[in-house]
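Presented below is the structure to which this report refers.
The values are calculated or read from the model by the stated rules, or taken from the named source; none is laboratory data. Keep in mind that this is a model prediction, so the values were computed, not measured. FYI the Cβ positions are ideal-geometry reconstructions off the backbone, even for glycines, and counts take in every protein chain you see.
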Amino acid sequence: MLRSFVLTYWEVRRVRRSRAACAAVLILPVAAVAAHMLLGNAPGGALLGSFFPALAVVLGSALVWMRSVLDRASGFAAGLESTPAAGAIVLRARVLLVLLLVLVQTAIFYGLLRIVR
Amino acid sequence: MNSIAVDRAGKRIGQVWALRDISFEIARGEVFGVFGRSGSGKSTLLRLIGGIEHPTSGTVALEASDGDDPSWLDAQVSVALQRPGLAPELTVAENLRLFASLWPTPRKGRMGRTAMFIELLGLSDVRNRRVQELPEGLKAAAEIGRALVAQAEVTVIDGLIERLDRPTRRRAWEHILSRRRQGATFVIGTASAAEAALCDRLAVLSGGRLQFLGTPDQVSAGVQGEVVAVESLQNPLLKSNLAERFAAAVTERNGSLEFKSQSGEADVARILSELGSDVGCVYLRQPTLDDALDRAEKD
């Protein structure tokens, strides 16, 4: 389990280094806050507020899946496969990364909501 | 004694057999070379030994001695690939730290070990540069560092050492030979005769098949006869003249025209008498690993 945490730590560093990944993390909460403001008190606005974590899970999972595809193309995935961290450890690290991204996006969403209100 | 046993291993990629019926054993503490030109099946074989791919037929197994846990041994093969398996967004030093932390090596001294490999592989000046910004030669050095930092029982390095500059290559070999003395096993894939000559034993591959197996001297000696080398005085017809007169395949190597001969001295005398005006220098030499590779290609 420790190696999954170690790998997650490095994955977070990699996300921070990549402008595209950072933009993908930020775009959902910012867009959701903008939509929330536009919808105001309409039922859609309230729904967005309630279902944001679910949206964040979908986007976080999509982002991590995209990164795994890019890792195959760059060769990094093969590099990981040649270590004892292959398989379950990499999978656990990806799940942890999704959870972290969901937490970050949710925090940004509710933080921005508080500011704009 | 632990060893790697490759038993009638084959690998089919799509409809093509990249490897067929390969069998050999690698002993613990051996530096074993897989020698062949590109397309010979070297990388496929090394990926099978590294456990990254599985054979379509036959087996590739890391054998444990009595008392060793085979599952623990499975986690003891570190592989440096031709296409680097590094994280492109991270720096060289970060990559080595990341991969060192994924292996069951003692935490204490890990930073020092990482720094040692950075120094050894001539990466000190670029240690804080992202891998995606590095030129190919330095990426190869970083990839070797990624495999060595694991300090695994078995290290597989696929065609990367020859991409290093000469001093770094020498230091890398010194490290490999010193680790061998401690019982570590290395499997080196190479197309370079200079690298192959440093291995304890070689498997010479061509067309996905094992052509020779033995020490570098045994492999070179497998080529019968001698090699006649002719330095030409810029006569463009000399190559075809030699091929015609001696009914041999003439190749160009290091500025000389060369062919294999069973009666070397007689052939040299004949060249001097018949083609003397076109020839700058003629000499006989013993076959090398490159000649063994040429023969393997023809077979």
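I'd like to verify a number: residues in region B:81-96 that are of a type outside the set (A, V, I, L, M), at the interface with chain A (Cβ under 7 Å from one of its Cβ atoms) and within 25 Å of the chain's Cα centre (by Cα), how many?
Number of matching residues: 3.
Kindly check whether there is at least one residue in region B:65-80 that is in a helix (DSSP H, G or I), more than 30 Å from residue B:169 (Cβ to Cβ), facing another protein chain (nearest Cβ under 9 Å) and at pLDDT below 90. Spell out the reasoning first.
Going residue by residue through region B:65-80, those that are in a helix (DSSP H, G or I) are B:70-74.
Checking the rest, the ones that are also more than 30 Å from residue B:169 (Cβ to Cβ) come to B:70-72, B:74.
If we keep only those that are facing another protein chain (nearest Cβ under 9 Å) as well, we get B:74.
Now narrow it down to the ones that are at pLDDT below 90: B:74.
Within region B:65-80, one or more residues are in a helix (DSSP H, G or I), more than 30 Å from residue B:169 (Cβ to Cβ), facing another protein chain (nearest Cβ under 9 Å) and at pLDDT below 90.
Are any residues in region A:58-72 surrounded by fewer than 18 Cβ atoms within 10 Å (Cβ to Cβ) and at the interface with chain B (Cβ under 10 Å from one of its Cβ atoms), and if so, which ones? Outline the logic, then answer.
First pass over region A:58-72, keeping only residues surrounded by fewer than 18 Cβ atoms within 10 Å (Cβ to Cβ): A:58, A:61-62, A:65-66, A:68-70, A:72.
Once the filter is applied, which keeps residues that are surrounded by fewer than 18 Cβ atoms within 10 Å (Cβ to Cβ) and at the interface with chain B (Cβ under 10 Å from one of its Cβ atoms), region A:58-72 yields only A:70.
Kindly provide the set of residues from region A:1-57 that are hydroxyl-bearing (Ser, Thr, Tyr), away from chain B (no Cβ under 11 Å) and touching a residue at least 12 places away in the same chain (Cβ under 8 Å), ordered by number.
First, pick out the residues of region A:1-57 that are hydroxyl-bearing (Ser, Thr, Tyr): A:4, A:8-9, A:18, A:50.
Right, trim to away from chain B (no Cβ under 11 Å) and you get A:8, A:50.
Passing the criteria: only A:8.
Does residue B:208 meet the test of being buried (at least 19 other Cβ atoms within 10 Å of the Cβ), in contact with a strand residue (DSSP E or B) (Cβ under 9 Å, 6 or more places away or on another chain) and at positive phi? Lay out the reasoning, then the answer.
Numbers: buried (at least 19 other Cβ atoms within 10 Å of the Cβ): yes; in contact with a strand residue (DSSP E or B) (Cβ under 9 Å, 6 or more places away or on another chain): yes; at positive phi: yes.
When the stated conditions are applied, residue B:208 passes them.
With the condition kept exactly as written, say whether any residue in region B:8-27 is in a strand (DSSP E or B) and touching a Cys at 6+ places or on another chain (Cβ under 9 Å). Even if it seems obvious, please write down each step before you answer.
Filtering region B:8-27 down to residues in a strand (DSSP E or B) leaves B:8-13, B:16-27.
Within this subset, residues satisfying the condition of being touching a Cys at 6+ places or on another chain (Cβ under 9 Å) are none.
Within region B:8-27, none of the residues are in a strand (DSSP E or B) and touching a Cys at 6+ places or on another chain (Cβ under 9 Å).
Of these, B:205, B:257, which one is more than 23 Å from residue B:34 (Cβ to Cβ), in contact with a Lys or Arg (Cβ under 9 Å, 6 or more places away or on another chain) and of a type outside the set (Gly, Ala, Ser)? Give the steps one after another, and end with the answer.
Numbers: B:205 fails: more than 23 Å from residue B:34 (Cβ to Cβ).
Result: B:257 is the single residue among B:205, B:257 that is more than 23 Å from residue B:34 (Cβ to Cβ), in contact with a Lys or Arg (Cβ under 9 Å, 6 or more places away or on another chain) and of a type outside the set (Gly, Ala, Ser).
Would you mind telling me which numbered condition in (1) within 14 Å of another protein chain (Cβ to nearest Cβ); (2) free of Cβ contacts under 8 Å to residues at least 24 places away in the same chain residue A:84 fails?
(2)
Given the condition loosely packed, with under 15 Cβ neighbours inside 10 Å and over 22 Å from residue B:261 (Cα atoms), answer yes or no: does some residue in region B:238-245 qualify?
No, there is no match, as no residue in region B:238-245 is loosely packed, with under 15 Cβ neighbours inside 10 Å and over 22 Å from residue B:261 (Cα atoms).
Which of the residues belonging to region B:97-137 are within 14 Å of chain A (Cβ to nearest Cβ), outside any helix (DSSP H, G or I) and surrounded by 12 or more Cβ atoms within 10 Å (Cβ to Cβ)?
Result: B:102, B:103, B:104, B:105, B:129, B:130, B:134.
State whether the residues of region B:244-258 include one that is in a strand (DSSP E or B), touching a residue at least 40 places away in the same chain (Cβ under 8 Å) and outside the structural domain of residue B:195 (by TED's automatic domain parsing). Explain how you work it out, then say what you get.
If we filter region B:244-258 for residues that are in a strand (DSSP E or B), which is where we start, we get B:251-253, B:256-258.
When the remaining residues are screened for being touching a residue at least 40 places away in the same chain (Cβ under 8 Å), the result is B:251.
The next check asks that each one be outside the structural domain of residue B:195 (by TED's automatic domain parsing); those that pass are B:251.
Looking through region B:244-258, at least one residue is in a strand (DSSP E or B), touching a residue at least 40 places away in the same chain (Cβ under 8 Å) and outside the structural domain of residue B:195 (by TED's automatic domain parsing).
Looking at the structure I just gave you, is residue B:94 surrounded by 21 or more Cβ atoms within 10 Å (Cβ to Cβ), at pLDDT 85 or above and acidic (Asp, Glu)?
Spelling it out, residue B:94 is indeed surrounded by 21 or more Cβ atoms within 10 Å (Cβ to Cβ), at pLDDT 85 or above and acidic (Asp, Glu).
Restricted to region B:261-298, and to residues that are basic (Lys, Arg) and closer than 26 Å to residue B:41 by Cα, which residue is surrounded by the fewest Cβ atoms within 10 Å (Cβ to Cβ)?
B:298
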